[in-house]
Amino acid sequence: MNFSFDVKFGDEEYLEFNKYHLFYGKPNRKVLKKRRIECLVATLIYAFLTVLCLKYEMTFYCVACIIVTVIFLLECIFAKQRLAAMLKRTLKRMKKHGKLPYTAESTVEFYDDKFISRSENKTTEMPYTEVENVCDNTNHAIYIYTDVQTATIIPYKCFRDDSEREDFLNFIKQKVNI
């Protein structure tokens, strides 16, 4: 065994992972960009229809353009905060129903050919060939993606110091050839 971590995982780590995944994950960046374009198109259509209904009066046209610009800018500026708030509400609803979307405590062991995650309820053995990506969310955690949605998360607090974290990052990146 090369590395072993006792991972204690809570709401903050879960929310941080989901924010990172939502805002910086490859598929989601495209979705966010598409959403902004859709918002722009919708607001432009609204402005155009407003002008048509008001029979092309210049004052109304200017007002409609200003409204469109403000709506689009608000969407661009506050999209991340709005989505982060939605994540928090979703987590609260899940906890209210008694089902956590994450495992609170686990042990993750890294060997030469595989890594094993053990929790109270299940044990998962994963060869490094199954790893799709390794991401370092500075000051928070290292995410080892095994598919587009799922990752093994090693919070920074699991490392003794920065050198251990760097050694681990070098080890894992070497094993998955990224």
Seminar exercise, completed: Scanning region 160-178 for residues that are open to solvent by less than 70 Å² (accessible area, probe 1.4 Å) and of a type outside the set (Asp, Glu) gives 163, 165, 168, 169, 171, 172, 175, 176
For this session: Return yes or no: is residue 71 more than 21 Å from residue 150 (Cα to Cα) and in contact (Cβ under 8 Å) with a residue 24 or more places away in the chain?
Result: yes
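Have a look at 95, 99, 157 and point out the one that is open to solvent by 90 Å² or more (accessible area, probe 1.4 Å), at pLDDT 90 or above and within 26 Å of residue 28 (Cβ to Cβ).
Working: 95 fails: at pLDDT 90 or above; 99 fails: at pLDDT 90 or above.
157 is the lone residue from the list that is open to solvent by 90 Å² or more (accessible area, probe 1.4 Å), at pLDDT 90 or above and within 26 Å of residue 28 (Cβ to Cβ).
Residues are listed down the side, and each one gets a yes or a no for (1) of a type in the set (Gly, Ala, Ser); (2) over 21 Å from residue 8 (Cα atoms):
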| residue | (1), (2) |
| --- | --- |
| 133 | no, yes |
| 140 | no, no |
| 151 | yes, no |
| 155 | no, no |
| 162 | no, no |
For this session: Please state which one of 15, 40, 73 is at pLDDT 80 or above, part of a helix (DSSP H, G or I) and over 22 Å from residue 143 (Cβ atoms).
Result: 73
For this session: Could you tell me whether residue 59 is surrounded by 15 or more Cβ atoms within 10 Å (Cβ to Cβ) and either of a type outside the set (A, V, I, L, M, F, W, C) or assigned to a helix (DSSP H, G or I) (or both)?
Result: no
Seminar exercise, completed: Of (1) part of a strand (DSSP E or B); (2) touching a residue at least 60 places away in the same chain (Cβ under 8 Å), residue 148 satisfies every one except (1)
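Considering only region 102-133, how many residues are open to solvent by 70 Å² or more (accessible area, probe 1.4 Å) and assigned to a helix (DSSP H, G or I)?
The first filter runs over region 102-133 and keeps only residues open to solvent by 70 Å² or more (accessible area, probe 1.4 Å), leaving 103, 105, 112-113, 118, 120-123, 125, 129-130, 132.
Cutting the leftovers down to assigned to a helix (DSSP H, G or I) gives us 129-130.
Final tally of qualifying residues: 2.
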Exercise. Identify, please: which residue in region 20-42 is of a type in the set (A, V, I, L, M) and surrounded by 13 or more Cβ atoms within 10 Å (Cβ to Cβ) and is, among those, nearest to the chain's Cα centre (by Cα)?
Worked result: 22
Exercise. Considering 67, 71, which residue is surrounded by 15 or more Cβ atoms within 10 Å (Cβ to Cβ), β-branched (Val, Ile, Thr) and farther than 30 Å from residue 125 by Cα?
Worked result: 71
For this session: Could you list all residues from region 134-148 that are exposed (fewer than 14 other Cβ atoms within 10 Å of the Cβ) and aliphatic (A, V, I, L, M)?
Result: 148
Exercise. Is one or more of the residues making up region 141-164 of a type outside the set (D, E, K, R), out of contact with any helix residue (DSSP H, G or I) (no Cβ under 6 Å at 6 or more places or on another chain) and more than 18 Å from residue 19 (Cβ to Cβ)?
Worked result: yes
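The values are calculated or read from the model by the stated rules, or taken from the named source; none is laboratory data. A quick note: this is a predicted structure, and the numbers were derived from the prediction, not measured. Note: ideal-geometry Cβ built from the backbone for every residue, glycine included; neighbour counts use all protein chains shown. Surface areas here come from the heavy atoms of the whole protein model, side chains and all, with no ligands, DNA or RNA. Shrake-Rupley method; radii C 1.70, N 1.55, O 1.52, S 1.80 Å.
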